[in-house]
Every structure is written in structure tokens, then in C-alpha cells.
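All remarks here apply to the structure that follows.
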């Protein structure tokens, strides 16, 4: 048998939670995200190597080999940047939108 104070405490501790009827979920393809991260890593690596070769080229007398290597790593960086940008646009534009109706979810 509950006393009056227990009923009052129980009433004051009630929590009401309101859920929406449905939840919208945006999904992206994991493979595209993986490719995007790989190319970001390649940009970071090739940019570091490229800047090292450019510093070496700038601090030594003219050297054709250093110039060629610096230009090639700069070109790699630009190509990796273009591919990463392509995957970034692909991730942004191809979101799959799913709607979860909570009434169906609760009945399962």
C-alpha cells in the first residue's frame, strides 16, 4: 500500500518522452568515403615530399633532376587533389535518403 508521499514522489518523477512519427536518415556509400580518405592521405604525403624537393631545389645551384622530381611530385599532388575533389562531390551528391517510421519500428 502506497502512502500519500510515495504517490507524490512518484508523480513528480514521471518523465514523458515524445518521439517523432518518422526519422529521416541520410546514408552515403562507404566505399566512396574510403577512396576519398585514401586520396586525402596521398595528397598530404605527396605535398610534403614535393615541398621538400622544392626547398632543396631552391637552396642548391640549378639542378635538372631536382626540378624534374619537384615538378613530378607537384603534378602528383594536383592529380590526387582532383581525384579527391571528384570523390568529395560524389559523396555530397549521392546521399541515399531513408525514412524510418517509428510505429513500424516499435511493433517489431
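The values are calculated or read from the model by the stated rules, or taken from the named source; none is laboratory data. None of these values were measured; they are calculated from a predicted model. Backbone-built Cβ (ideal geometry, glycine too); neighbour counts: all protein chains shown.
List of remarks:
- Which numbered condition residue 26 misses (of (1) loosely packed, with under 13 Cβ neighbours inside 10 Å; (2) in a helix (DSSP H, G or I); (3) in contact (Cβ under 8 Å) with a residue 12 or more places away in the chain): (2)
- If the condition is being modelled with pLDDT under 95 and in contact with a helix residue (DSSP H, G or I) (Cβ under 8 Å, 6 or more places away or on another chain), then region 74-101 contributes 87, 88, 90, 91, 94.
- Conditions (1) touching a helix residue (DSSP H, G or I) at 6+ places or on another chain (Cβ under 9 Å); (2) modelled with pLDDT of 95 or more; number of the one not met by residue 68: (1)
- Residue within region 64-74 that is within 24 Å of residue 89 (Cβ to Cβ) and in a helix (DSSP H, G or I) present: yes
- Total residues in region 41-60, condition exposed (fewer than 14 other Cβ atoms within 10 Å of the Cβ) and either modelled with pLDDT of 95 or more or assigned to a helix (DSSP H, G or I) (or both): 8
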